[in-house]
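Scroll down for the structure; my scribbles are underneath it.
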């Protein structure tokens, strides 16, 4: 129906209480006793006789009307005056409009079409701002639908008509903070409400709320959240420890952590310590350090983790010193790393009595990357692992570089200078 710019009823018939709701209720099955806005019956006359303080008030009442009838609502276009303020606003049925023909008739699509959800329904509510009364009035209300409406038993699944209120959010947060999974939280809250139709939201809504809450805690404070989490692990694992340092700008510089199992394993199997900083697959492109070793079953043991600011000697010194403190000052006998010079200097300072060996895997990888001569990689591997006398090694090395003509190769000469750190002959 169309409504002229003048109100349908005289002003004395428009009660202020209509701005906030309608007092007629239906028999409900939930625990609200008919007091919830979801149980309030809203009819057409209740809308067209209204005046609203804001356009959003008109939208909320139309949503309540749509719930009673059985459809969803979405916000439409807005008309503004010369001063930029809203003058007109329209709200449509959520199946208003149709998909453009160019998307339907395209024969070159690689993917299947999504299901058609728009029916071109013209049901809508249009409101305008009445300058005489400084209130919003109904301009047009179309009731007719060109499709079947949603049964009342399924209305609670429409996005407009579901959502968590503040009490439900607080209850869900409390249960989630105490370790309850979202599936059990959903089950408990459905039981409290007396069914899925009465709880007012779906499990997806609950999961989204928990994820938004988690993200909100991290915004502008991911470092604090990380540190708080690691320090809080001590309540569950008394042997878990974390160490960190900050920059001059009060930002997180370095972070090291180890749990009780890591510390216990190190006391048993920490004679050989390996660590590497080649992993930088994280949001901040920070080097991730993993301290590892090997147990009596030749299985990998993890001794700790760290995120460091850079790969300089001072950073490695801080990291190894804190590692040593957390591990009760037990120094390893052998430390295996890649060929980083800054790392080597820090190891000599913190673990002066440990044998520093370069990782054989990194050595072989560098051989393949630097010397692309067929057969050289296999001959170099013999230098790496063969249990020769030093004289045998020197003789084999000399014959090998002559064989491949690498007497002047810079990388080969550099590796020869470091042979006592990687060749089994000298270890």
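The values are calculated or read from the model by the stated rules, or taken from the named source; none is laboratory data. Note that the structure is predicted; figures quoted are calculated from it, not measured. Reconstructed Cβ throughout: ideal geometry from the backbone, glycine too, with neighbour counts over all protein chains shown.
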Go through 205, 101, 148, 177 for me and flag whichever is out of contact with any helix residue (DSSP H, G or I) (no Cβ under 7 Å at 6 or more places or on another chain), surrounded by 12 or more Cβ atoms within 10 Å (Cβ to Cβ) and more than 27 Å from residue 51 (Cβ to Cβ). 205
Go through segment 389-402 and give me each residue that's within 29 Å of residue 275 (Cβ to Cβ) and buried (at least 17 other Cβ atoms within 10 Å of the Cβ). 393, 397
Need the failing condition index for residue 322 against (1) assigned by TED's automatic domain parsing to the domain that holds residue 286; (2) in a loop (DSSP other than H, G, I, E, B), just the number. (2)
Among 292, 331, the single one that is surrounded by 15 or more Cβ atoms within 10 Å (Cβ to Cβ), over 26 Å from the mean Cα position of the chain (by Cα), under 26 Å from residue 415 (Cβ atoms) and without any contact (Cβ under 8 Å) to a residue 24 or more places away in the chain is 292
List the number of the failed condition for residue 92; all other conditions in (1) surrounded by 12 or more Cβ atoms within 10 Å (Cβ to Cβ); (2) in contact with a helix residue (DSSP H, G or I) (Cβ under 7 Å, 6 or more places away or on another chain) hold. (2)
With the structure loaded, tell me whether residue 167 is more than 23 Å from the chain's Cα centre (by Cα) and surrounded by 12 or more Cβ atoms within 10 Å (Cβ to Cβ) or whether it fails that test. no
Being outside any loop (DSSP other than H, G, I, E, B), over 23 Å from residue 229 (Cα atoms) and in contact with a strand residue (DSSP E or B) (Cβ under 8 Å, 6 or more places away or on another chain): is that true of residue 273 here? yes
How many residues are closer than 15 Å to residue 159 by Cβ, assigned to a helix (DSSP H, G or I) and touching a residue at least 40 places away in the same chain (Cβ under 8 Å) when one looks only at segment 200-219? 3
What's the total number of residues in segment 295-319 that are part of a helix (DSSP H, G or I) and either out of contact with any helix residue (DSSP H, G or I) (no Cβ under 9 Å at 6 or more places or on another chain) or surrounded by 19 or more Cβ atoms within 10 Å (Cβ to Cβ) (or both)? 4
